[in-house]
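S.K.: To start, I am sharing the structure in question, which I have written as structure tokens.
The values are calculated or read from the model by the stated rules, or taken from the named source; none is laboratory data. Values in this document were obtained by computation on a predicted structure and should not be read as measured data. For neighbour counting, all protein chains shown are included, and Cβ atoms are generated from backbone atoms with ideal geometry for every residue, glycine included. Areas reflect the complete protein model, heavy atoms only, side chains present, ligands, DNA and RNA absent. Shrake-Rupley method; radii C 1.70, N 1.55, O 1.52, S 1.80 Å.
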Amino acid sequence: MEDNLRSDGYLYIGIDAGIFKTSICTSDGIKFSERSVVAFSGDSIDSTENAIYGNEVLELSEEEMKNYTNSSLSLDNDSFKHFLTHLLEKNGIDPGKNETYAIIGVSPAAETEYKRSLLNLCRNIFTGAMVVDDVFCIVYSKGLPEGSLVVDIGYNRTNVCVITKNVTQEVDCLSLASAGKDIDRELFKLINERWPDSRITEELVRKWKEEHGHLVSVPDACVVDIPFEILDENEPEKAGEIKTTKGSISEEIQLACEFVVTDIVSGITRVLSDSEPGMHNTLRNNIHLSGGTSRLPGINTFIEGELRELGGGKVFLNPDPEFAVPEGALEIAKNMPPEFWKEVLAVNCNKEMIL
């Protein structure tokens, strides 16, 4: 790949270290996203030898997965470090080739100890690094004005944050447990209730949600292939094999999406109620959605409808929610003055670069 570094000779990287996905943007135009997952060979999750990472795990067949132990990434066993270096190498990024500076966006709800561990890990990969709340990255990338309400709907949590002249402070953010994972769980439950003998998996349900999820009536009938195990006594040789039957899950998907997004609306309502009275109208009409779950068709219209009892509201969608955080992190990294990165190098071992 031809180098296209800034005139200062540095490579800048923006990272969204998400629980579900890790997304990365670089100053030389590379942009990619992969699932934050690792599979360990055998039963041990203490050794990264022969482990596989990211989307490669999802490509394993059910038979192949029997040889691996699927696990979430962890800072305790270096799996996240190996995952991150694997992603960088896979996409032609060599942090050791040039001075490389990274901004890593994490949830405002993340514990300080987690941020410290992540920062220390990244310092062993990049020349310099700083950890930043991901809502700050979203605000920075889109230039959102004071009086905006950012609703970052991720896989694991939803963060509802008021943007003030100081950008965001801890007291301005409400972190909700309701998020994308809960749509998956509700949809899994509803489909199992309708087809109790089906052999659906969480991954299959998640795929259906991503393909057919909606909060408005859609012409798509949401017809999917529902797997069942063959138990026909007349064909004992096929016992245990899987057959599929087509079925529409349109109603189940809409119910699951509405069930969870209604909880998120309750969180938005709570934040609005707790804000300064003079800011209510401004905030209601400047609600900005981000995060992967915000891609659900009709989510902005649904939230606006739910807010009618409060006097209405205006909800704006992010055109590229998957990369809003890393793009903002990248812009922060590039726009930091050279003196800042020199300070990072000078105090790298003594100063916590956590914003």
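S.K.: Can you give me the distance in nm between label points at residue 60 and residue 304, each placed 7 Å from the Cα along the Cα-to-Cβ direction?
M.R.: Here the modelled spin labels are 4.5 nm apart.
S.K.: Assuming R0 = 56 Å, can you tell me the calculated FRET efficiency for the pair residue 244 and residue 276, based on Cβ-Cβ distance, to the nearest 0.05?
M.R.: Using R0 = 56 Å, I get an efficiency of 0.50.
S.K.: Quick check on the chain: take the gyration tensor over C-alpha atoms, sort the square-rooted eigenvalues as a ≥ b ≥ c, and tell me if it's rounded (a/c under 1.5), prolate or oblate. It would help to have the intermediate numbers written out before the result.
M.R.: On the way: a/c = 2.30, a/b = 1.19, b/c = 1.92.
Note, shape of the chain comes out oblate.
S.K.: Once the other residues with Cβ under 14 Å from the Cβ of residue 206 are scored (Lys, Arg +1; Asp, Glu -1), what is the net sum?
M.R.: 0
S.K.: With every protein chain present, what is the per residue accessible area of the chain (1.4 Å probe, Å²)?
M.R.: For the chain, the solvent-accessible area averages 49 Å² per residue.
S.K.: Treat each spin label as a single point 7 Å out from the Cα along the C-beta direction, and report the residue 314 to residue 193 distance in nm.
M.R.: 3.8
S.K.: I would also like to ask the following. Find the Rg to Rh ratio for region 201-342, where Rh is the Kirkwood radius over alpha-carbon pairs and Rg uses the same atoms.
M.R.: 1.17
S.K.: Here's a follow-up. Which value in deg cm²/dmol, rounded to the nearest 500, describes the helix-derived mean residue ellipticity at 222 nm for the chain, given -39,500 (n - 2.57) per DSSP H run of n ≥ 4 and division by the residue count?
M.R.: Values: 11 runs with 122 residues, N = 355.
When only DSSP H runs of four or more count, the value is -10500 deg cm²/dmol.
S.K.: Ok, one more. What is the local net charge at residue 217, summed over the other residues whose Cβ is closer than 15 Å to its Cβ (Lys, Arg +1; Asp, Glu -1)?
M.R.: Neighbour charge sum, excluding residue 217 itself: -4.
S.K.: Which helices pass in the chain if a helix is a full DSSP H run, must span at least 27 angstrom along its long axis by Cα, and must have mean Kyte-Doolittle hydropathy not below -0.5?
M.R.: In the chain, the long hydrophobic H runs are 250-274.
S.K.: Which whole-number percent is the relative contact order of the chain (Cα, under 8 Å, 6+ apart)? Before the final figure, lay out the partial values.
M.R.: Numbers: 636 pairs, mean separation 72.5, N = 355.
That works out to 20 percent.
S.K.: In terms of modelled amide H atoms, which long-range or inter-chain residues lie less than 5 Å from the amide H of residue 105?
M.R.: 15, 16, 17, 132
S.K.: Right, something else. Describe numerically, in nm with one decimal, the distance between label points set 7 Å from Cα along Cα→Cβ at residue 91 and at residue 114.
M.R.: 2.1
S.K.: Now for a separate question. Give the range of the longest stretch in the chain that excludes all trypsin sites (Lys or Arg not before Pro) found in loop regions by DSSP and having at most 10 other beta-carbon atoms within 10 Å.
M.R.: 166-350
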